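The block underneath contains the structure these notes are about, expressed in structure tokens.
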Amino acid sequence: MRTDPFRELDRFAQQVFGNQTPGTWSRPTPMPLDAYRHGDEYVVAFDLPGVSADAIELDIERNVLTVKAERRPLDTGEGVELQVSERPLGVFSRQLFLGDTLDADRIEANYEAGVLTLRIPIAEQAKPRKIAIAHTGDDRKQINA
């Protein structure tokens, strides 16, 4: 799996200099992720605390997996005065470029406790396998020296 180096540079700059404006649909803010291999699949976990499941979009096109999510302001209702709001609002996005060795047709997604977890299986043709050698009999020839 590969990530876009310019998005990584943009994310680093935002961490260093601060993100002054929320992300928009045309210019989203990158979201943090963890990725690791577990057996015959890759697991990618995106941190999306405070995002409702209906505000997450997951698309794949030509081995490019795009995750977009929008964190909206809390609907606190009447009589509630918000004291602290540190979570950034707006649109967050991340693209992963999936290699040909991954099975994009069998990706599974689960959203629980603010973490979107994707399980991306390795394609059958990319898995290591042993090739059996058939033994057809004892065709030894005697060599006269």
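The values are calculated or read from the model by the stated rules, or taken from the named source; none is laboratory data. Since this is a predicted model, take the numbers as computed values, not measurements. Neighbour counts run over all protein chains shown; Cβ positions are idealised from the backbone, glycine included. Surface accessibility is based on the protein's heavy atoms, side chains included, excluding ligands, DNA and RNA. Shrake-Rupley method; radii C 1.70, N 1.55, O 1.52, S 1.80 Å.
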Identify, by number, the condition in (1) among the polar types (S, T, N, Q); (2) surrounded by 10 or more Cβ atoms within 10 Å (Cβ to Cβ); (3) modelled with pLDDT under 85 that Gln142 doesn't meet.
(2)
If I filter the range 41-63 down to residues being modelled with pLDDT under 90 and within 20 Å of Phe97 (Cβ to Cβ), which single residue comes out as most open to solvent (accessible area, probe 1.4 Å)?
Arg62
The range 49-74, residues that are within 18 Å of Glu112 (Cα to Cα), touching a helix residue (DSSP H, G or I) at 6+ places or on another chain (Cβ under 9 Å) and part of a loop (DSSP other than H, G, I, E, B)
Arg72
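Could we say that Pro128 is closer than 26 Å to Val64 by Cα and at pLDDT below 85 here? Before you say what the answer is, go through the steps one by one.
Working: closer than 26 Å to Val64 by Cα: yes; at pLDDT below 85: yes.
Yes; evaluated as a whole, the condition is true for this residue.
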Candidate set: the range 29-48, residues that are touching a residue at least 24 places away in the same chain (Cβ under 8 Å) and not in a strand (DSSP E or B); chosen: the one nearest to Gly114 (Cα to Cα):
Leu48
Can you tell me how many residues in the range 64-74 are open to solvent by 80 Å² or more (accessible area, probe 1.4 Å) and within 21 Å of the chain's Cα centre (by Cα)?
0
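Which one is modelled with the lowest pLDDT among residues in the range 1-40 that are hydrophobic (A, V, I, L, M, F, W, C) and open to solvent by 70 Å² or more (accessible area, probe 1.4 Å)?
Of all residues in the range 1-40, those hydrophobic (A, V, I, L, M, F, W, C) come to 1, 6, 9, 12-13, 16-17, 25, 31, 33, 35.
Next, from what is left, pick out any that are open to solvent by 70 Å² or more (accessible area, probe 1.4 Å): 1, 6, 9, 12, 16-17, 25.
Details: Met1: 53, Phe6: 62, Leu9: 66, Phe12: 65, Val16: 63, Phe17: 60, Trp25: 63.
My answer is Met1.
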Looking only at the range 59-110, count how many residues are closer than 30 Å to Glu124 by Cα, in contact with a strand residue (DSSP E or B) (Cβ under 7 Å, 6 or more places away or on another chain) and in contact (Cβ under 8 Å) with a residue 60 or more places away in the chain.
7
If Ala113 satisfies every condition in (1) modelled with pLDDT of 90 or more; (2) surrounded by 11 or more Cβ atoms within 10 Å (Cβ to Cβ) but one, which is the exception?
(2)
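Could you look through the range 75-95, keep only residues that are surrounded by 10 or more Cβ atoms within 10 Å (Cβ to Cβ) and in a loop (DSSP other than H, G, I, E, B), and pick out the one that is modelled with the highest pLDDT? Full working, then the answer.
So in the range 75-95, the residues surrounded by 10 or more Cβ atoms within 10 Å (Cβ to Cβ) come out as 87-95.
Restricting the remaining residues to those that are in a loop (DSSP other than H, G, I, E, B) gives 87-89.
On the way: Arg87: 77, Pro88: 80, Leu89: 84.
Here the residue is Leu89.
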